[in-house]
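Here is the structure we will look at.
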Amino acid sequence: MSNTYFKILRSGINTTVQDKGRNHMYHIGIAMSGAIDQRNYKLSNKLVNNDLSEAVIEFAYQGPLLKLKNGKINFSITGDVLFKIIRKNLSVENGICYKNYILEDEDQIDIISTKNSVYGYLSVNGGFKLKKVWNSYSINTKANIGSNNGKKYSLEDKIFIKNSDLQINKETKIIYNQASDKIIRVIKGTNFDFFSNEAQNIFFKKNFLVTKLADRMGIRLSGHELENKVSTNIKSEGLVRGVIQVPADGNPIIMLSDHGTIGGYPKIGVVISADLDRVGQLIPGSIINFKEVSLEEAQNIFKAYTDETNKYLNECN
Amino acid sequence: MIKNISNLGDAAVYCDFGTEISEKINLIVISYFNSLSKLVKEQKINGINNITPSYNKLIISFDLSITNYLEIRKIVLDLKVKNEINNNHKKIKIPVCCDDEFGLDFNRLSDKTKLSKKEILELYLNKEYFCYMTGFIAGMPFLGDIDKDIRCNRLETPRVKVPKGSVGITEQFANIYTFESPGGWNIIGNTPQKIFDQSNLEEPALIKPGDKVNFYQISKKDYLNWNE
């Protein structure tokens, strides 16, 4: 049995493991969780020749400092991430994202920070040795569900790795274009009519600011208070990722992967599936615009998004 | 039955059963939930991620790379729904300690309702409640309806942290905070019973939509010595 693991020498701000997410649990109040940026999660797996459903380490802003113990592995990091590899002999290499590396016993990975984005992903060939809870590895820190007893990783924790030996000797590297577009496409929500004509216009025409109140549950925006002329509360009902709720103060909130499963604020819009990765990566201080699209347009855009994801995945071969 | 069906974004179907909040309407929503869940479990439909019943809505989210709005909409409209019968559901008794250190909002409630703590508790404990839905946080049940005389709005300023196990009321509803969480409900006591248990993989949530719930008062001594 493999006794290879990462020892955590610095935990980083919010280091968890994530995968596609956990389904069929909303009705008892458990969010999907899963990687915020699903495309980069898949790409990190593919770069080390993994099944796309393997768990990866997700980190936010400052990432962890990890030391490899008892093995030799392949790893890759995706996202817009500044990192270094510190070899056992203390020589230091600047890391490049979207490339697989060989890591020897006692080498370290120092994930210094993400750049102009929030999340990055680290995968190892063969995946991590973790237990699934309700069919997912994803850590949900709000309900303490998933790997590591549902808690984010902290100093001295160990993350065990399935393979103890190198599986691939071929270097794989792709060129990835980080999305920088700040236009977020939205389908009108079920309570769009609750808002005044002026508020409806503002919503699709003016800029909104991403505030510091942003985490895996959601992102609060500011800039324009949207006037509600019907009711600032609705009878609580289900939520999904991407829903934009507007509470009484008029400032929109976008729901992300760890959102509460039920909410009582009017839904002005829903971010289209193809733009969810990009929304999740918005850093506080970003200025964004919402653009209305129809259901049919959203489906076509999603197809283009999927084709692009597949193009990148194929380049990893 | 479903009054209106529409899309919520590009990856969810929104079924609207009207605006009424009642056991009758909610049981219809739960019937739809059960019928759809059965098809998902038997792998007769692909792509559904989650189905969320609430008072009078049902939201079905799906994976847009597998299916789409029109496909799921058709499945819902073609569904042969077996009407839920009320007595198919569990009856659950929940212990609650209402000593002042747990019942944080009796002063406020007495102010608003003009009833004493004793009178409020009598009305609260004398009723069987129906679970409309579970959610917001893991396992939190939304129960109703509480007696008209003890109904009261949410706190003007919600608490940043409501203790785990807190039993709260607002408007016609009662709930239990299964985790420490922010919240604005009026807190009347605390239960030592585990309402959500991550280690129980089969049935983590003790109370599910459609179940009936009674509360009974326990002493602080019983609370501290509670053993499941």
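Can you pull out the strands (runs of 3 or more DSSP E) entirely within region A:177-229 that have at least 1 residues that are polar (S, T, N, Q)?
The qualifying strands (runs of 3 or more DSSP E) are A:207-214, A:218-222.
Please list, ordered by residue number, the strands (runs of 3 or more DSSP E) wholly in region A:231-317 having 2 or more residues that are at pLDDT below 95.
By residue number, no strands (runs of 3 or more DSSP E) qualify.
Considering region A:176-196 alone, what residues qualify as being over 30 Å from A:Gly238 (Cβ atoms) and out of contact with any helix residue (DSSP H, G or I) (no Cβ under 8 Å at 6 or more places or on another chain)?
A:Asn177, A:Gln178, A:Ser180, listed by residue number.
(1) touching a residue at least 60 places away in the same chain (Cβ under 8 Å); (2) within 14 Å of chain B (Cβ to nearest Cβ); (3) over 26 Å from A:Gln281 (Cβ atoms): which one isn't true of A:Ile145, the others all being true?
(3)
Might you check whether a residue that is in contact with a helix residue (DSSP H, G or I) (Cβ under 9 Å, 6 or more places away or on another chain), away from chain A (no Cβ under 14 Å), within 28 Å of A:Tyr265 (Cβ to Cβ) and surrounded by fewer than 22 Cβ atoms within 10 Å (Cβ to Cβ) occurs anywhere in region B:163-170?
No.
Counting just the residues of region A:265-300 that are hydrophobic (A, V, I, L, M, F, W, C), facing chain B (nearest Cβ under 10 Å) and within 20 Å of the chain's Cα centre (by Cα), which one comes out nearest to A:Asp249 (Cα to Cα)? Reasoning before the result, please.
If we filter region A:265-300 for residues that are hydrophobic (A, V, I, L, M, F, W, C), which is where we start, we get A:268, A:270-272, A:274, A:276, A:279, A:282-283, A:287-288, A:290, A:293, A:295, A:298.
When the remaining residues are screened for being facing chain B (nearest Cβ under 10 Å), the result is A:270-272, A:274, A:276, A:293, A:295, A:298.
Then keep just the ones that are within 20 Å of the chain's Cα centre (by Cα); that gives A:270-272, A:274, A:276.
Working: A:Val270: 19, A:Val271: 21, A:Ile272: 24, A:Ala274: 29, A:Leu276: 24 Å.
Per the stated criteria, the residue is A:Val270.
Taking region A:227-244 only, how many residues are away from every other protein chain (no Cβ under 11 Å) and either buried (at least 23 other Cβ atoms within 10 Å of the Cβ) or among the basic types (Lys, Arg) (or both)?
Selection size over region A:227-244: 1.
Condition first: among the hydrophobic types (A, V, I, L, M, F, W, C) and within 10 Å of another protein chain (Cβ to nearest Cβ). Now tell me which residues in region B:30-69 satisfy that.
B:Ile30, B:Phe33, B:Val40, B:Ile48, B:Ile51, B:Leu58, B:Ile59, B:Ile60, B:Phe62, B:Leu64
What are the residues in region B:5-22 that are over 23 Å from A:Ser273 (Cβ atoms) and exposed (fewer than 15 other Cβ atoms within 10 Å of the Cβ), if any?
B:Thr19, B:Glu20
How many residues, within region B:190-218, are in a loop (DSSP other than H, G, I, E, B), more than 14 Å from every other protein chain (Cβ to nearest Cβ) and either farther than 30 Å from B:Glu156 by Cα or aliphatic (A, V, I, L, M) (or both)?
Within region B:190-218, the subset in a loop (DSSP other than H, G, I, E, B) is B:191-195, B:197-204, B:206-211, B:218.
Restricting the remaining residues to those that are more than 14 Å from every other protein chain (Cβ to nearest Cβ) gives B:191-193, B:218.
Retained after the next criterion (residues that are either farther than 30 Å from B:Glu156 by Cα or aliphatic (A, V, I, L, M) (or both)): B:218.
Total meeting the criteria: 1.
Under the condition of being of a type in the set (S, T, N, Q) and within 14 Å of chain B (Cβ to nearest Cβ), which residue from region A:1-58 is surrounded by the most Cβ atoms within 10 Å (Cβ to Cβ)? Before the answer, list the steps.
We begin by selecting, within region A:1-58, every residue of a type in the set (S, T, N, Q); these are A:2-4, A:11, A:14-16, A:18, A:23, A:33, A:38, A:40, A:44-45, A:49-50, A:53.
Narrowing the set further to residues that are within 14 Å of chain B (Cβ to nearest Cβ) leaves A:23, A:33, A:38, A:53.
Working: A:Asn23: 20, A:Ser33: 29, A:Gln38: 20, A:Ser53: 13.
In this case the residue turns out to be A:Ser33.
Could you pull out the residue among B:Gly165, B:Gly183, B:Gly210, B:Gly189 that is closer than 21 Å to A:Ile28 by Cβ, of a type outside the set (A, V, I, L, M, F, W, C) and modelled with pLDDT of 95 or more?
B:Gly165 is the lone residue from the list that is closer than 21 Å to A:Ile28 by Cβ, of a type outside the set (A, V, I, L, M, F, W, C) and modelled with pLDDT of 95 or more.
Please work out if B:Leu27 is in contact (Cβ under 8 Å) with a residue 24 or more places away in the chain, away from chain A (no Cβ under 11 Å) and in contact with a helix residue (DSSP H, G or I) (Cβ under 7 Å, 6 or more places away or on another chain).
yes
Residues of region B:111-128 being aliphatic (A, V, I, L, M) and either closer than 15 Å to B:Asp100 by Cα or in contact (Cβ under 8 Å) with a residue 40 or more places away in the chain (or both), which ones?
B:Ile120, B:Leu121, B:Leu125
The values are calculated or read from the model by the stated rules, or taken from the named source; none is laboratory data. Note that this is a predicted model, so its numbers are computed, not measured. Note: ideal-geometry Cβ built from the backbone for every residue, glycine included; neighbour counts use all protein chains shown.
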